[in-house]
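Notes to accompany the following structure.
The values are calculated or read from the model by the stated rules, or taken from the named source; none is laboratory data. Keep in mind that this is a model prediction, so the values were computed, not measured. Reconstructed Cβ throughout: ideal geometry from the backbone, glycine too, with neighbour counts over all protein chains shown. Keep in mind that these areas ignore ligands, DNA and RNA; they rest on the heavy atoms of the full protein, side chains included. Shrake-Rupley method; radii C 1.70, N 1.55, O 1.52, S 1.80 Å.
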Amino acid sequence: MFSSRERFKEIVAAAPSGAARKKHPGKAVMAGGFAGGLEILCTFPTEYVKTQLQLDSKAVNPRYTGIADCVKKTFQSHGFFGFYRGLSSLLYGSIPKASVRFMGYETLRNKMVDKDGKLTQTRTVLCGLGAGVMEAIVIVCPMETVKVKFIHDQNQPNPKYRGFFHGVKEIVRQEGVRGTYQGLTATILKQGSNQAIRFFVFNNLKSSFQGGDNTKEIGMARTFLCGGIAGAASVFGNTPLDVVKTRMQGLDRHLYRNTLHCAQEVLKHDGLKGFYKGTVPRLGRVVFDVAFVFTIYEQTMKLLDYVWKTD
């Protein structure tokens, strides 16, 4: 008898790759959500440290001297689970975020591919950009605003948020629904550029391994490698936007008139290097994050192709 693991490999191998075919948006929703949920459970501590360092502005009495100091102080003050403060807000959002992203990408891709199932370079960027904008507006902005407020709240002498639902309730009560959409412009810019870079780099690397045959399988290891490189490219490409977005969504949001003013203040107080605060922990998270999500997404899509027949 086959073990469950061997059976899964058999199913994946038997499933049509669909690389040159249009992909069903419903499958993208399911595969994306599954990959997104698993990913955030593994990578949240690095996201926590990154956000703490970005909020630790020199203009507001910095508490940390670097990554190691942030990790040490967080553990001393809150223990291991202190690194998971704000997880609920991100976990509740990660599943629908990945679902919306991949559904948006596959929907746009289905409309833009040629008869051979291929995208031009420009259309690849546009599909990624569109997917990023969709997830930014529908999911990411409110999710990230709540997450940043939760993490920032932990630094206050008397934290006021007792949990996810209590925090959301308090934010809406004090600031209205608009309070969950702070930094929308920066979020759209960040997510749009994020996904444009990631899908562009991933698809080009994947194509290079396929040697021009977009029905050829490249295997999980190469898929993971392509995803990791795509994630690294997005970090170096748009960390400045991530820093501005984080500042705009923190409890010190009132210090900034708008996105441009926030960027000017970062430059004024921290210099150019201020736009790259939190790069190392973000790099560690995003490289694994993107590699993991693309790999799980592709494998899950193959499984869905096997069990759910669509044209």
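Quick check on region 5-19. Is at least one of its residues open to solvent by less than 50 Å² (accessible area, probe 1.4 Å), in a helix (DSSP H, G or I), modelled with pLDDT of 85 or more and aliphatic (A, V, I, L, M)?
No, that holds for no residue.
Checking Gly79 against (1) on the phi > 0 side of the Ramachandran plot; (2) modelled with pLDDT under 85, which test does it fail?
Answer for Gly79: the failing condition is (2).
Is it true that some residue in region 258-276 is under 20 Å from Gly183 (Cα atoms) and in contact with a Leu (Cβ under 6 Å, 6 or more places away or on another chain)?
No, every residue in region 258-276 fails to be under 20 Å from Gly183 (Cα atoms) and in contact with a Leu (Cβ under 6 Å, 6 or more places away or on another chain).
Which members of region 63-78 meet the condition of being without any contact (Cβ under 8 Å) to a residue 12 or more places away in the chain, polar (S, T, N, Q) and assigned to a helix (DSSP H, G or I)?
Once the filter is applied, which keeps residues that are without any contact (Cβ under 8 Å) to a residue 12 or more places away in the chain, polar (S, T, N, Q) and assigned to a helix (DSSP H, G or I), region 63-78 yields Gln76, Ser77.
Determine whether region 107-121 contains at least one residue that is at positive phi and open to solvent by less than 20 Å² (accessible area, probe 1.4 Å).
Yes, because at least one residue in region 107-121 is at positive phi and open to solvent by less than 20 Å² (accessible area, probe 1.4 Å).
Restricting region 98-133 to residues that are more than 20 Å from Lys147 (Cβ to Cβ) and of a type in the set (Ser, Thr, Tyr), which is nearest to the chain's Cα centre (by Cα)? Break it down into steps so the answer makes sense when it comes.
Taking region 98-133 as the starting set, the residues that turn out to be more than 20 Å from Lys147 (Cβ to Cβ) are 102-131.
Now restrict to residues that are of a type in the set (Ser, Thr, Tyr): 105, 107, 120, 122, 124.
Numbers: Tyr105: 14, Thr107: 19, Thr120: 25, Thr122: 22, Thr124: 18 Å.
My answer is Tyr105.
Just to be sure before I move on: is Arg247 touching a residue at least 12 places away in the same chain (Cβ under 8 Å), more than 14 Å from the chain's Cα centre (by Cα) and farther than 20 Å from Tyr105 by Cβ in the structure I sent?
So Arg247 fits the description; yes.
Restricted to region 222-260, and to residues that are under 20 Å from Thr124 (Cα atoms) and of a type in the set (S, T, N, Q), which residue is surrounded by the most Cβ atoms within 10 Å (Cβ to Cβ)?
Result: Ser234.
Give me the pairs, please: first residue somewhere in region 141-160 and without any contact (Cβ under 8 Å) to a residue 40 or more places away in the chain, second residue anywhere and open to solvent by less than 10 Å² (accessible area, probe 1.4 Å) and part of a helix (DSSP H, G or I), beta-carbon distance under 7 Å, and either six or more positions apart or on two chains.
Note: pairs meeting the criteria are Pro159/Asp153; Lys160/Asp153.
Being aromatic (Phe, Trp, Tyr) and over 22 Å from Gly237 (Cα atoms) is the filter here, so list the residues in region 86-137 that pass it.
Answer for region 86-137, where residues must be aromatic (Phe, Trp, Tyr) and over 22 Å from Gly237 (Cα atoms): just Tyr92.
Please list, ordered by first then second residue, the pairs with beta carbon atoms under 8 Å, 6 or more apart or interchain, first in region 182-209 and closer than 18 Å to Glu144 by Cβ, second assigned to a helix (DSSP H, G or I) and among the aromatic types (Phe, Trp, Tyr).
From residues that are closer than 18 Å to Glu144 by Cβ, the pairs are Gln195/Tyr105.
Is it true that Phe209 is touching a Lys or Arg at 6+ places or on another chain (Cβ under 6 Å), within 18 Å of Thr124 (Cα to Cα) and among the aromatic types (Phe, Trp, Tyr)?
Criteria met by Phe209.
Of all residues being among the basic types (Lys, Arg) and open to solvent by less than 50 Å² (accessible area, probe 1.4 Å) in region 278-311, which is farthest from the chain's Cα centre (by Cα)? Just the residue, please.
Lys302
For region 73-97, enumerate the residues that are more than 14 Å from Glu144 (Cβ to Cβ) and either open to solvent by less than 10 Å² (accessible area, probe 1.4 Å) or of a type outside the set (D, E, K, R) (or both).
Thr74, Phe75, Gln76, Ser77, His78, Gly79, Phe80, Phe81, Gly82, Phe83, Tyr84, Ile95 - these are the residues of region 73-97 that are more than 14 Å from Glu144 (Cβ to Cβ) and either open to solvent by less than 10 Å² (accessible area, probe 1.4 Å) or of a type outside the set (D, E, K, R) (or both).
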